[in-house]
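The values are calculated or read from the model by the stated rules, or taken from the named source; none is laboratory data. Owing to the predicted nature of the structure, the values given are computational and were not obtained by experimental measurement. FYI the Cβ positions are ideal-geometry reconstructions off the backbone, even for glycines, and counts take in every protein chain you see.
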Amino acid sequence: MKLKHLLISTFPVWMFTASCNKFLDVKPKTQIDGNDVFKDEQGYIDALTGVYLNLNADKLYGKELTFGFVEVIGKQHTTITATSQEYYYPSIYDYLNTASRSKTDGIYGGMYNAIAEDNNIISHLNADGPTKFTGVNYRVIRGEAYALRALMHFDLLRLFGPSPVATDAATVKAIPYFEQLTVSAPARLTTADVLKKVISDLSSAEADLQDIDPVSPASTTPSTNSGFLRSRGLKMNYYAVKALQARVYLYAGDKEKALAAARSVINSKVYTFAPKSTVTAGNRLFSQELIFSIPKSDMTTVITNYFTPPAIGAGIGNVLTKSDAEYSQVYESSTDIRYSQLTGYDANTRIRYSTKLSQTTETARIPMFRMSELYYIAAECLMDSNPQDALNYLSAVRVARDVPALSNTLTPAQIRTEIFKEYQKELYCEGQLFYYYKRLNSATINGATVGKAQYVLPLPDDETEYGNGGN
């Protein structure tokens with residue numbers, strides 16, 4: 001699956017579905033060119049929607065990059081013991097087994113295909129300029145496109161490249177960074193060089209969105225419930241850009257900039273902690289706190305095999321969970337609403353399982369960024385220089401989850417432990433714990449000894465055989 005084979009096709013499958021038959025009315029699908037797709041504003045909106053649709057595919061954020069593969073290798077799911085289980089080989093870090101390889105190759109190819117579509121949008125936007133667009137839509141579409149390109153490359157780096165603190169990070173080539181639609185893959189870059197390009201794209205996105213995105217109270221554009229600018233929480237909006245900047249800067253080791261980005265979201269007061277009453281009423285995603293999420297209309301179907309207890313005597317099957325004892329150890333208190341409201345227990349099979357993603361079709365979505373993660377980033381940035389402020393950030397989340405505030409006497413090392421525990425609880429099924437371990441280059445993941453072989457996923461065979469810059 002060479003990248004150049006992916007990049008030759010500039011138009012995704014969604015353009016040829018029933019919902020987009022207008023394209024078929026113009027020319028046979030093999031003859032469609034960019035000028036037809038991007039002839040007007042609606043064409044750009046449709047193309048951008050196509051990128052988002054790609055992201056919610058099961059092989060990407062619709063499963064593998066959230067509650068599936070990445071959570072398995074982060075040891076958030078630990079009851080995988082039989083070779084017949086879907087995630088057995090990833091769970092033991094056997095990335096070369098066919099069962100693992102199909103998932104890692106799917107992630108790699110799926111992301112670069114979406115990046116190619118995104119680059120097609122960006123190149124046409126920059127060539128056309130704003131004349132085809134109404135109001136602020138040109139800047140919003142371009143800002144989202146740059147932000148999405150940064151997001152996808154960043155997560156590819158976190159999987160297929162070495163950690164910034166790994167001993168060989170300065171010399172080993174990680175992944176290529178595509179900034180234009182091309183049939184020739186650019187050379188692979190080091191982790192530091194990829195991060196520079198991610199940061200540059202995020203700066204471009206921020207410049208486009210900061211004054212005009214309706215999500216911000218300071219925006220010159222009023223919020224709306226109709227048209228392209230509605231539902232900004234389902235798009236890479238301005239605060240999603242700031243949240244991603246916080247993640248990226250922390251990964252790069254720049255705590256000062258990570259803290260500034262995190263605080264810009266926290267202090268905006270746009271997002272507030274979900275009241276317990278809404279959670280007990282079924283608000284399992286704490287929707288008020290979601291900065292960016294992706295709709296997933298087939299969520300119920302997708303999660304049935306993974307978060308539903310099997311029949312008595314049928315074995316655990318592909319259920320993704322951990323033992324009841326582990327749940328108790330991680331959550332510490334049964335009053336924690338993340339335990340009492342986001343898990344279920346089947347007395348017949350004695351299996352505790354997550355109900356976090358059990359949502360109605362109308363509200364089903366995949367969390368991408370939530371407010372609480374920014375509290376954890378702020379706490380980590382401050383735990384050495386200002387431990388009291390760090391504790392305040394952590395305790396704010398804990399109190400909102402019906403857990404007592406932390407003692408003010410904790411040391412920085414103890415604060416680090418509490419941050420880790422919060423990642424386990426708060427971001428379960430959201431795919432962030434593996435990256436936490438990797439960012440710190442931890443020698444173990446939940447008791448398993450790990451190193452480069454476990455932290456760096458193998459590139460598809462033909463990528464290493466045919467190039468992309470080699471090592």
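So here's what we get for this one:
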quantity: From the options Thr349, Thr335, Thr308, Thr321, residue that is crowded, with 20+ Cβ neighbours inside 10 Å, of a type in the set (S, T, N, Q) and either touching a Leu at 6+ places or on another chain (Cβ under 9 Å) or assigned to a loop (DSSP other than H, G, I, E, B) (or both); calculated: Thr321
quantity: When residues of segment 204-224 are limited to those that are polar (S, T, N, Q) and surrounded by 14 or more Cβ atoms within 10 Å (Cβ to Cβ), the one farthest from Gln288 (Cα to Cα); calculated: Ser204
quantity: Residue match in segment 250-265 (condition: surrounded by fewer than 16 Cβ atoms within 10 Å (Cβ to Cβ) and closer than 29 Å to Ser216 by Cβ); calculated: yes
quantity: Subset of segment 163-219 [in contact (Cβ under 8 Å) with a residue 60 or more places away in the chain and of a type in the set (Ser, Thr, Tyr)]; calculated: Ser163, Thr182, Ser184, Ser204
quantity: Failed condition for Ala174, given (1) in contact with an Asp or Glu (Cβ under 6 Å, 6 or more places away or on another chain); (2) assigned to a strand (DSSP E or B); calculated: (1)
quantity: Tally of residues being surrounded by fewer than 17 Cβ atoms within 10 Å (Cβ to Cβ) and of a type in the set (Asp, Glu) across segment 146-174; calculated: 1
quantity: Filter pass, Gly34 being closer than 19 Å to Leu433 by Cβ, small (Gly, Ala, Ser) and at pLDDT 55 or above; calculated: no
quantity: Residue within segment 403-418 that is touching a helix residue (DSSP H, G or I) at 6+ places or on another chain (Cβ under 9 Å), basic (Lys, Arg) and not assigned by TED's automatic domain parsing to the domain that holds Asn305 present; calculated: yes
quantity: Residue satisfying condition, being under 19 Å from the mean Cα position of the chain (by Cα), over 22 Å from Lys438 (Cα atoms), in the same structural domain as Met111 (by TED's automatic domain parsing) and not β-branched (Val, Ile, Thr), within set Ala252, Ala145, Ala185; calculated: Ala145
quantity: Odd one out for Ser297, checked against (1) outside any loop (DSSP other than H, G, I, E, B); (2) touching a residue at least 12 places away in the same chain (Cβ under 8 Å); (3) surrounded by fewer than 16 Cβ atoms within 10 Å (Cβ to Cβ); calculated: (1)
quantity: Helices (runs of 4 or more DSSP H) lying entirely in segment 360-471 (those with 3 or more residues that are modelled with pLDDT of 95 or more and among the polar types (S, T, N, Q)); calculated: 387-400, 412-426
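For (1) within 28 Å of Leu290 (Cα to Cα); (2) in contact (Cβ under 8 Å) with a residue 24 or more places away in the chain, each residue gets a yes or a no:
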residue	(1), (2)
Asp402	yes, yes
Ala413	no, no
Phe420	yes, no
Lys438	yes, yes
Val450	no, yes
Gln454	no, yes
